[in-house]
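Notes follow the structure.
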Amino acid sequence: MSKIQKPATKSRNGLRVCLQQQYASTSDFSLHLDLDIPSTGVTAIFGPSGSGKTTLLRCIAGLEDRLTGNISLHDDEWLSPSSCLPPHKRPVGYVFQEANLFPHLTAKSNLEFACKRATKVTPSISYEEVIQLLNIAPILSHYPSELSGGERQRVAIARALLIQPKLLLMDEPLTALDETLKQEILPYLEKVCRQANMPILYVSHSLDEVIRLADSMIVLDKGRVIEQGNTQDLLGQLGTAFSHHQGASVVISGKVSERLEEWGLSRLEVNGQDIKIQSGEEKVGDTLRIRVQAKDVSLTLAEDEKSSILNRLKVSVDDIARDPKDQSMVLVRLLAGDTPILARITRLSAHTLDLKKGQHTIAQIKSVALLR
Amino acid sequence: MQLSPEDIGAIWLTLKLASVVTVLLIIMGTPLAWWLARTHSWLKGPINAIVTMPLILPPTVLGFYLLILLGPNGMVGQTLEQLGLSALPFSFNGLVIASMLYSLPFVIQPLQNTFAAIGNKPLEAAATLRASPLESFFTVVLPLAKHGYLSAAVLGFAHTVGEFGVVLMIGGNIANETQVISVQIYDHVEALEYDQAHTLSLIMIVFSFLVLTLLYKTKKRQKTSSEGVL
């Protein structure tokens, strides 16, 4: 309590959030956190439903009351013990779970609502750029009721960008959409995240979205921060919320060293070793990010065993942890150079291979998924 | 089926009264309905009850207390007298005040329901788009509440046109000042002038039918237009 209520030390750059909120004395839920959020890139706020993700976002936007603490962006105080900036004076863009467009206005008028009120000094993105980025030119004359869920969400993202915010808040923008629409919007979101010249907070309970979009992440549970850090580092650790997730994965970056046109594959160099991936539009020299799921990694001690599995990396065992949800499985943290890889194997296999910390072994990767 | 000058005077007065009352109620009812739709205060229940009371009270009760309150010995009446203003009972202005109280629930309830149905979401969206609360009200709430305002205006107007008891209690029966259609019909029947009573009554029936048809039409349109949005 006392820790939260003392004035926050000001950070020169980035978003500083230090707050607590209690709904009612009868309610179990309270928000209680102290965060420094990077001033660039996408920060995912991850956690199960009811963990306070949306509430945190609403607190930052000024949409929640019964709040004490400090919120500041760069050197501007939005909330302090003595003052509270009303939501319409905070330079944020907010994308709601459901598009929340004004139903009485066309898509175009919805965007103009934002343009009219946008911060006048140095727009970071122009109207034309936004229309093109989200590919909404053909639907501008329609009313929200005439648009599909995905189209509405694209207009809503465009509207939030056009207010020229200093901070973009996105509250599970894909949750209300079905799987096909999600896949339709994700590429737009990736473009927005890469091109938007502002910090983005992205609330999600989907590990998949977080891995594709976020540079760093904050994990919430019951209104408290349980993990925070760089996405790649966090994913490669044992004992985190992600390592217990069924989609437990690591993200690996590498440079394209060669295109094997004959086989339709590309060779990716990761810490001096090769990973082959299906060729796409990448060129030699490009940096790519791939996702390797722990369940797709198996271990072998035989160095030159013939196998249909192409990707065999020399790794050393760094750590082994039991899966708390499944007694028969263990998670093994491997290091290929300094790149962590997780393998989810049976406890029996670990026993048979007699895996120990520091031991050298071969990781076979069945499949990789290309990100961005 | 001829309308006498008194009949025409009564029709004109009724329309004037209903228009003035409707306009005033819409303007003054908006903040009250807004507050009722959004507050969590314990006062909400009692205030709601007071606003709705004219629905179930006999108009004579309302008229009786207004007469006492506005009369020369009443609180309001005395104050007005001290200020050198004319007395309200048996005047057009008194009728306006009485009608406003009488028709209050018919204006407040549609507005309150519309505001509640609009909910918080559009307002939150407007706030994150830098619209001040007042701006949001005029650019977002008013357009979305269009049909609610139409219902409120139609109901308030029609109900004022149809009142009788309150008028009789506080307005009396002064031609071109307080003699509205309903009172005029009563007079005709008292005097056994059934022809004139028929004419005015038929006008009222046609008027009510048209008003209610219009109301249900807008209700239907409102339903279809708000489907699938938000």
More than 20 Å from the chain's Cα centre (by Cα), away from every other protein chain (no Cβ under 14 Å) and farther than 24 Å from B:TYR65 by Cβ: is that true of B:SER201 in this structure? yes
Answer with yes or no whether A:SER141 is within 30 Å of B:HIS147 (Cα to Cα) and away from chain B (no Cβ under 14 Å). yes
The correct count of residues that are in contact (Cβ under 8 Å) with a residue 60 or more places away in the chain, among the charged types (D, E, K, R) and surrounded by fewer than 18 Cβ atoms within 10 Å (Cβ to Cβ) in the stretch B:160-197 is 2
Going through B:ALA131, B:ALA152 one at a time, which residue ends up being within 11 Å of chain A (Cβ to nearest Cβ) and crowded, with 18+ Cβ neighbours inside 10 Å? B:ALA131
Give me the helices (runs of 4 or more DSSP H) completely within the stretch B:86-162, filtered to those with at least 2 residues that are under 30 Å from B:ILE174 (Cα atoms), ordered by residue number. B:92-118, B:146-161
Collect the residues in the stretch A:247-266 that are under 17 Å from the mean Cα position of the chain (by Cα) and either among the aliphatic types (A, V, I, L, M) or surrounded by fewer than 17 Cβ atoms within 10 Å (Cβ to Cβ) (or both), keeping them in residue-number order. A:GLY247, A:ALA248, A:VAL250, A:VAL251, A:ILE252, A:SER253
Mind listing whichever residues of the stretch A:302-323 are surrounded by fewer than 19 Cβ atoms within 10 Å (Cβ to Cβ), modelled with pLDDT of 85 or more and in contact with a Ser or Thr (Cβ under 9 Å, 6 or more places away or on another chain)? A:LYS314, A:SER316, A:ALA321
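What number of residues within the stretch A:161-175 are in contact (Cβ under 8 Å) with a residue 40 or more places away in the chain and either in a loop (DSSP other than H, G, I, E, B) or more than 19 Å from A:ALA61 (Cα to Cα) (or both)? Spell out the reasoning first.
Initially, the stretch A:161-175 is screened for residues in contact (Cβ under 8 Å) with a residue 40 or more places away in the chain, giving A:161-173, A:175.
This time we only want the ones that are either in a loop (DSSP other than H, G, I, E, B) or more than 19 Å from A:ALA61 (Cα to Cα) (or both), so: A:163-166, A:172-173, A:175.
Of the residues in the stretch A:161-175, 7 are in contact (Cβ under 8 Å) with a residue 40 or more places away in the chain and either in a loop (DSSP other than H, G, I, E, B) or more than 19 Å from A:ALA61 (Cα to Cα) (or both).
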Tell me the residue from B:GLU163, B:GLU190, B:GLU177 that is out of contact with any helix residue (DSSP H, G or I) (no Cβ under 8 Å at 6 or more places or on another chain), away from chain A (no Cβ under 14 Å) and not β-branched (Val, Ile, Thr), please. B:GLU190
Tell me which residues, restricted to the stretch A:333-363, are buried (at least 18 other Cβ atoms within 10 Å of the Cβ) and over 27 Å from A:LEU265 (Cβ atoms). A:ARG333, A:ALA350, A:LEU355
Of residues in the stretch A:105-132 being within 22 Å of A:TYR143 (Cβ to Cβ), within 11 Å of chain B (Cβ to nearest Cβ) and of a type outside the set (Lys, Arg), the one surrounded by the most Cβ atoms within 10 Å (Cβ to Cβ): A:ASN110
Scanning the stretch B:111-128 for residues that are within 30 Å of A:LYS166 (Cα to Cα) and surrounded by fewer than 18 Cβ atoms within 10 Å (Cβ to Cβ), which turns out nearest to the other protein chains (Cβ to nearest Cβ)? B:LYS121
Wholly enclosed helices (runs of 4 or more DSSP H) of the stretch B:1-83 bearing at least 1 residues of a type in the set (Ser, Thr, Tyr), within 19 Å of the chain's Cα centre (by Cα) and under 28 Å from B:SER136 (Cα atoms): B:5-38
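Considering the stretch A:144-154 alone, what residues qualify as being surrounded by fewer than 24 Cβ atoms within 10 Å (Cβ to Cβ) and touching a residue at least 12 places away in the same chain (Cβ under 8 Å)?
Of everything in the stretch A:144-154, those that are surrounded by fewer than 24 Cβ atoms within 10 Å (Cβ to Cβ) and touching a residue at least 12 places away in the same chain (Cβ under 8 Å) turn out to be A:PRO144, A:SER145, A:LEU147, A:SER148, A:GLY149, A:GLY150, A:GLU151.
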I need the full set of residues from the stretch A:49-96 which are within 13 Å of chain B (Cβ to nearest Cβ), surrounded by fewer than 17 Cβ atoms within 10 Å (Cβ to Cβ) and not basic (Lys, Arg), in order please. A:ASP65, A:LEU85, A:PRO86
Is at least one residue of the stretch A:110-131 at pLDDT 90 or above, among the basic types (Lys, Arg) and more than 26 Å from the chain's Cα centre (by Cα)? no
Filter the stretch A:294-352 for residues that are without any contact (Cβ under 8 Å) to a residue 60 or more places away in the chain and assigned to a helix (DSSP H, G or I); the one that is nearest to A:VAL250 (Cα to Cα) is A:ALA294
Tell me, please, whether a residue that is touching a helix residue (DSSP H, G or I) at 6+ places or on another chain (Cβ under 8 Å), closer than 23 Å to A:CYS59 by Cα and at pLDDT below 90 can be found in the stretch A:176-186. yes
Which residue pairs have Cβ atoms closer than 9 Å, lie 6 or more positions apart in sequence or on different chains, and pair a first residue in the stretch B:88-100 that is surrounded by fewer than 20 Cβ atoms within 10 Å (Cβ to Cβ) with a second residue that is among the acidic types (Asp, Glu)? B:PHE90/B:GLU177; B:SER91/B:GLU177; B:PHE92/B:GLU177
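The values are calculated or read from the model by the stated rules, or taken from the named source; none is laboratory data. If you're wondering where the values come from, they're calculated on a predicted model, not measured in any experiment. Heads up, the Cβs are rebuilt from the backbone with ideal geometry, glycines too, and the neighbour counts pull from every protein chain shown.
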